[in-house]
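The numbers here are math on the coordinates, done by the rules we state, and not lab data. Because the structure is a prediction, the values reported are computed rather than measured. Counting neighbours? That spans all protein chains shown, and the Cβs are built from the backbone with ideal geometry, glycine included.
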Amino acid sequence: SSWDPLRSSVPIHATLFVWLPIVGKSKLGELFDIFSQRIGPLLARWRPHDPSAKAIIMPWKRVAPTAKFKSFLAKTIVPVIKEYLVKRLVVGDPTDPCPELDQVLDWVGVLSDESLGHVF
């Protein structure tokens with residue numbers, strides 16, 4: 001309960017997930033609510049070019065209850081990505097690099113296909 005995502009130099013999953021073989025997935029999954037309450041408000045300021053959000057969220061995919069994980073992403077990540085694309089994506093020559101699209105596609109495997117569909 002004392003974890004502060006802004007002050008901690010160690011991601012919370014690095015501390016907690018060492019217990020996974022002992023306590024099991026469901027017990028650690030119960031901590032996802034605390035994680036999402038702490039990290040969720042910070043994601044309002046996050047931007048897709050910053051890989052830190054994916055790095056801290058991705059490990060929770062394997063222990064968090066699926067519905068809660070999807071809901072968390074739908075409330076925090078998907079709206080930010082969608083807004084980012086609306087403001088920044090310029091469709092031009094298909095041979096030109098498109099870093100904005102690459103940054104969104106980096107979330108494949110974290111976001112469900114349905115969530116990615118809402119982005120576009």
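Among VAL104, LEU73, LEU116, pick out the residue whose Cα is farthest towards the positive end of the charge dipole of the stretch 67-120, where Lys and Arg carry +1 and Asp and Glu carry -1 on C-beta, about the Cα centre. It is LEU73, whose Cα lies furthest towards the positive end.
For the stretch 15-120, go through all pairs of different Cα atoms, get the mean of 1/r, take its inverse, and jot down that Kirkwood value in Å.
14.9
For LEU111, no residue 5 or more places off, or on another chain, has a built amide H under 5 Å of its own.
Over the stretch 1-117, calculate the relative contact order: mean separation of alpha carbon pairs under 8 Å at least 6 apart, over the residue count, as a percent. Taking the mean separation of contacting Cα pairs over the length of the stretch 1-117, I get 27 percent. With one equal scatterer per alpha carbon and no solvent term, the Debye-computed log10 I(q)/I(0) for the stretch 16-68 at 0.26 1/Å reads -1.06.
Take the Cβ-Cβ distance between PHE17 and GLN37 as r, set R0 to 22 Å, and report the resulting FRET efficiency rounded to the nearest 0.05.
Numbers: r = 19 Å, r/R0 = 0.85.
The formula returns an efficiency of 0.75 here.
Computed from Cα atoms, the angle from the helix 66-88 axis to the main principal axis of the chain rounds to 30 degrees.
Of the peptides 76-82, 86-92, 35-41, the ranking by mean beta-carbon count within 10 Å, highest at the top, reads 76-82, 35-41, 86-92. With the helix formula -39500 (n - 2.57) applied to DSSP H stretches of n ≥ 4, the chain reaches a computed 222 nm mean residue ellipticity of -14500 deg cm²/dmol. Pairs of Lys residues in the chain, spaced 8 or more positions apart or belonging to different chains, with C-alpha separations under 25 angstrom: 22 in total.
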